[in-house]
Each structure stands twice: as structure tokens, then as C-alpha cells.
Amino acid sequence: MREQFTSQLKLAMKAGEKRRVDTIRMITAALKDKDIEARGSGKTVGADDILALLQKMVKSRQESLEIYEKAGRADLATQEAEEIAIIRGFLPEPLDEAAVEAAVAEAVAETGAASIKDMGKVVAALKAKYAGRMDFAKASALVKARLGA
């Protein structure tokens, strides 16, 4: 993925797409921060970590977008929406609701979860298998409902 960021940055620079250049630079800066953080603990940043970082960036921008829209700041809201679209371009295609429900059912069966106490195991299994492809807040709610909480 790192090569993809670099190649997309070069293309955006050649095309003169300022917003895209700025957003990709923001992604690479966040990734460097993550690398430095991981280096301190002796870990390496893998593809799943990069996907999680991108999802976190999208979520942050969505929250900002809502705030700007409520405050009537169309200029800032537009900027956030453009950044969200650019970041999402690097994420794999998200699962639809039916696929998420099927994945939750499969994870519950695989882990043998029987009660709400097993929710952590189920969510961990989902994160391992579907990193970057599902909204885990919604998936957690589905797991909770399925386990009868």
C-alpha cells in the first residue's frame, strides 16, 4: 500500500490536484507517525494497521463534516467531503449490510460464542478477517444483538 500512496502522490502532483496531494501527504504523515510509534514498541506496521489508520481518518473527517454542516461552513464541509472520498479510494470495497450480518453469524459460529461475555472474541475474529471492509461499531451492535444482550 505504501507504494500505492507514493505513486498516487506523484500522479496527483503531475496533474496539479492540490487537494489530492495534500490528502495523500496527510496519509503518509500519519503513517510515519504510526511507524515511529510502532518502532518504540518493537512492532511493525502491517497492511491491517494501515487500513485501520485510513478508517480512523475517514471517521474523523465524517465527524468534522457533520459539525461543519451544522455550523453552516459549506467551504470546510466540502473540503472534508473531498478528503473522505480520496481516503476511501485507498480502502477496499466495504461490505454491504447483508454481508456484514452473514460475517457476524459466521464469526459467532466459528468462535462458539454463547453469551455476551464472548463478544470480544467475535469482534476480534471479525477484525482479523475483515479489517478495512466493515464498520466495527455497527458490527459490534449486531454481535451484541445476536448474543442476546
### Summary
Here the qualifying pairs (Cβ atoms under 9 Å; residues six or more apart or on different chains; first in the range 36-56 and within 21 Å of residue 87 (Cβ to Cβ); second in a loop (DSSP other than H, G, I, E, B) and of a type in the set (Asp, Glu)) come out as 55/135
### Task
Just need a number here: residues in the range 1-35 that are closer than 18 Å to residue 80 by Cβ and outside any helix (DSSP H, G or I).
1
### Query
Are any residues in the range 92-131 touching a residue at least 40 places away in the same chain (Cβ under 8 Å) and within 17 Å of residue 145 (Cα to Cα), and if so, which ones?
100, 101, 104, 105
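So, of the residues in the range 112-143 that are part of a helix (DSSP H, G or I), small (Gly, Ala, Ser) and at pLDDT below 80, which turns out to be farthest from residue 60 (Cα to Cα)?
If we filter the range 112-143 for residues that are part of a helix (DSSP H, G or I), which is where we start, we get 116-130, 136-143.
Still in the list and also small (Gly, Ala, Ser): 120, 124-125, 128, 137, 139-141.
Now drop any that are not at pLDDT below 80, which leaves 128, 137.
On the way: 128: 22, 137: 14 Å.
Checked the range 112-143; the qualifying residue farthest from residue 60 (Cα to Cα) is 128.
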### Message
Considering only residues that are over 22 Å from the mean Cα position of the chain (by Cα) and under 18 Å from residue 137 (Cβ atoms), which ones fall in the range 106-126?
### Response
108, 116
### Message
Pairs needed: first member in the range 67-85, assigned by TED's automatic domain parsing to the domain that holds residue 21; second member anywhere, surrounded by 14 or more Cβ atoms within 10 Å (Cβ to Cβ) and aromatic (Phe, Trp, Tyr); C-beta distance under 8 Å; at least 6 residues apart or different chains.
### Response
74/68; 76/68; 77/68; 80/68
### Residue list for the range 78-100, filter: modelled with pLDDT under 85, outside any loop (DSSP other than H, G, I, E, B) and surrounded by 15 or more Cβ atoms within 10 Å (Cβ to Cβ)
100
### Query
Do we find that residue 109 is of a type outside the set (Phe, Trp, Tyr) and part of a helix (DSSP H, G or I) in this structure?
yes
### Task
Determine whether residue 98 is farther than 29 Å from residue 39 by Cβ and either in contact with a helix residue (DSSP H, G or I) (Cβ under 6 Å, 6 or more places away or on another chain) or among the aromatic types (Phe, Trp, Tyr) (or both).
no
### Query
If only one of 39, 61 is assigned to a helix (DSSP H, G or I), basic (Lys, Arg) and at pLDDT below 90, which one is it?
39
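The values are calculated or read from the model by the stated rules, or taken from the named source; none is laboratory data. What you see is a predicted model, and the numbers here were worked out from it, not measured in a lab. No Cβ is skipped: glycine too gets one built from the backbone with ideal geometry, and neighbour counts run over all protein chains shown.
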